[in-house]
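The values are calculated or read from the model by the stated rules, or taken from the named source; none is laboratory data. On a predicted model such as this, the values are computed, not experimentally measured, just so you know. Backbone-built Cβ (ideal geometry, glycine too); neighbour counts: all protein chains shown. These accessible areas exclude ligands, DNA and RNA; they are computed on the full protein's heavy atoms, side chains included. Shrake-Rupley method; radii C 1.70, N 1.55, O 1.52, S 1.80 Å.
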Amino acid sequence: MGVLNLTPDSFSDGGRYDTLEAALARFGRMVADGADWVDIGGESTRPGAGPVSEAEELRRVLPVIEAAAALHPQVPISIDTTKYAVAEAALRAGARMVNDVSGLRYEPRLADLCARHGAALVVMHSIGTPQTMQADPHYTDVVADVRAFLEAAARRAEAAGVPHILIDPGIGFGKTLAHNLELLRRLPEIAALPWPVLVGASRKRLVGDLTGRTDPTDRLAGTLALHYDALVRGARMLRVHDVKEAADSVSVYVSLHP
Ligand code: HH2
């Protein structure tokens, strides 16, 4: 799943795709590079990011979703939002999945919305808000806590009638480096749940912590290693900024794990 951030302040690519032309060129590039999905977002969720109004988020994402859905009908669009009105408008404009980083905490009605539209739903684990999530996060057992949260959220989505559900441990969302590593090492415990697992570690701070790379765009090799390991441990979808390299890595994985 390729990432298309239509935000001025995303941590690794903020402001790069702020015209319709630039956004569509980026979308087309990711399609050519082998993306199976493109995840479009209009609100940064990096630690410390402030909220964006519904009107502003809609202004950022809707024209791109409409145009990209028409231009590339073979590559489904996911809308990365926690807001009902944004998700609804995006689904009407042609998006086929809602990626909810709050895991139905902010807006439980997203499950009914996806069910009505026959759309897929990603439930991701996070705590608090982007402003508060990194302030001393703690867990009894991070893997057991995240797994229980994901199971409950996915069951709620299932009960609402959502046809396809993915679960995501939410790397970097209310987690220390130790928490992130524990989740990745014990990913098979989460992958044992009956829904496919999505992992998104692309260019994130933990990659910087592990490699010493302070510039997020310098974290590609670290990201590839981490994502390959996540595949081996049961991940079934990767959320990435660098689609071409991720697709190559997935090809190698699929050949070795038929
Ligand atoms: N990570 C980010 C945003 N959305 N969605 C899912 N399901 N899983 C993730 O790990 C995830 C996500 C953060 O990355 P990015 O979009 O590159 O940055 P920003 O939030 O600053 O726009």
For the range 78-146, what is the relative contact order in percent, using Cα pairs closer than 8 Å and at least 6 residues apart in sequence?
-> 28 percent
First compute the accessible area of the chain with a 1.4 Å probe, then give the percent of it belonging to carbon and sulfur atoms.
-> 53 percent
Can you give the accessible area of Lys204 in Å² (nearest 10), computed on protein heavy atoms with a 1.4 Å probe?
-> 40 Å²
Check: the range 151-221 dipole with +1 on Lys, Arg Cβ and -1 on Asp, Glu Cβ, in debye | 120 debye
Express the accessible area of the chain per residue in Å², computed with a 1.4 Å probe while the remaining protein chains stay in the model.
-> 43 Å²
Take the chain, drop everything but the C-alpha atoms, weight them equally and run the Debye formula without solvent; then report log10 I(q)/I(0) at 0.10 Å⁻¹ to two decimals.
-> -0.44
The chain - percent relative contact order, Cα under 8 Å, separation 6 or more = 16 percent
May I ask you to derive the relative contact order of the range 124-182, considering only C-alpha pairs under 8 Å and at least 6 residues apart, and to give it as an integer percent?
-> 54 percent
Mean shadow of the range 166-258, computed from the convex hull of its alpha carbons, in nm²?
-> 5.8 nm²
Take the alpha carbon atoms of the range 106-157, find their center, do the same for the range 167-239, and report the distance between the two centers in whole angstrom.
-> 17 Å
